[in-house]
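A.B. asks: This is the structure, below, for whatever I ask next.
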Amino acid sequence: MSAFKSEQSMAQSAVAVLMVDADHCVKQGGFLRSVEMDLVHHCEREGRALVVTVNKGDLLTPAQRTKTRVSISNQIAQQARALAGLEVR
């Protein structure tokens with residue numbers, strides 16, 4: 001789904017779900033891509049609730065899962081302060 005269509009859909013929603021690919025996230029050092037952060041910032045600006053989930057997380061080792069969750073949580077806390085404390089599942 002394009003970022004534009006995602007933003008249109010979010011305008012009609014109270015909660016947004018951001019699903020990130022576990023394998024891609026690990027390859028990026030546990031961080032979200034800029035397009036994913038754009039959606040995080042949109043939720044922050046619009047006051048939307050946000051659920052972040054890591055798809056295919058069961059394919060990661062326990063250490064990779066922990067690192068990915070912590071990295072994403074920290075990235076969001078640093079770049080979208082209104083969403084600090086977000087729990088990544």
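Every number in this text was worked out from the coordinates using simple rules, so none of it is lab data. None of the values given here were measured: they were computed from a predicted structure. Glycine gets a Cβ as well: all are built from the backbone with ideal geometry, and neighbour counts include every protein chain shown.
A.B. asks: Multiply the residue separation of Arg48 and Gln78 by 0.36 nm, subtract the distance between their alpha-carbon atoms, and state the gained length in nm to one decimal.
C.D. replies: Working: separation 30, 0.36 × 30 = 10.80 nm, distance 1.79 nm.
So the extension gain works out to 9.0 nm.
A.B. asks: Using a Gaussian network model of the chain whose springs link C-alpha atoms within less than 10 Å, name the residue from Asp21, Asp38, Asp58 with the highest mean-square fluctuation.
C.D. replies: Fluctuation is largest for Asp58.
A.B. asks: A further question on this structure: Measuring from label point to label point, each 7 Å out along Cα→Cβ, what is the Asp38 to Gln12 span in nm?
C.D. replies: 2.1
A.B. asks: Separate question: Under a 10 Å cutoff between Cα atoms, tell me which one of Leu18, Leu59, Leu50 has the largest fluctuation in the Gaussian network model of the chain.
C.D. replies: Leu59
A.B. asks: Any idea what the relative contact order of the chain is, in percent, if you count C-alpha pairs under 8 Å spaced at least 6 apart?
C.D. replies: Across the chain, relative contact order equals 33 percent.
A.B. asks: Right, here's the next one. Find which of Val26, Thr61, Ser13 sits farthest along the positive direction of the dipole of segment 3-83, computed with +1 on the beta-carbon of Lys and Arg, -1 on that of Asp and Glu, about the Cα centre.
C.D. replies: It is Thr61, whose Cα lies furthest towards the positive end.
A.B. asks: Under a point-charge model restricted to the Cβ atoms of Lys and Arg (+1) and Asp and Glu (-1), what is the dipole moment magnitude of the chain relative to its Cα centre, in debye to the nearest 20?
C.D. replies: Numbers: 11 positive and 9 negative charges, 38 e Å.
In debye, rounded to 20, the chain gives about 180.
A.B. asks: How many percent of the alpha carbon pairs in segment 3-83 exceed a separation of 17 Å? Before the final figure, lay out each step's value.
C.D. replies: On the way: 1404 of 3240 pairs.
When all Cα pairs of segment 3-83 are counted, 43 percent exceed 17 Å.
A.B. asks: Mind pulling the angle between the C-alpha long axis of helix 34-46 and the longest principal axis of the chain? Nearest 10 degrees, somewhere in 0 to 90.
C.D. replies: 40
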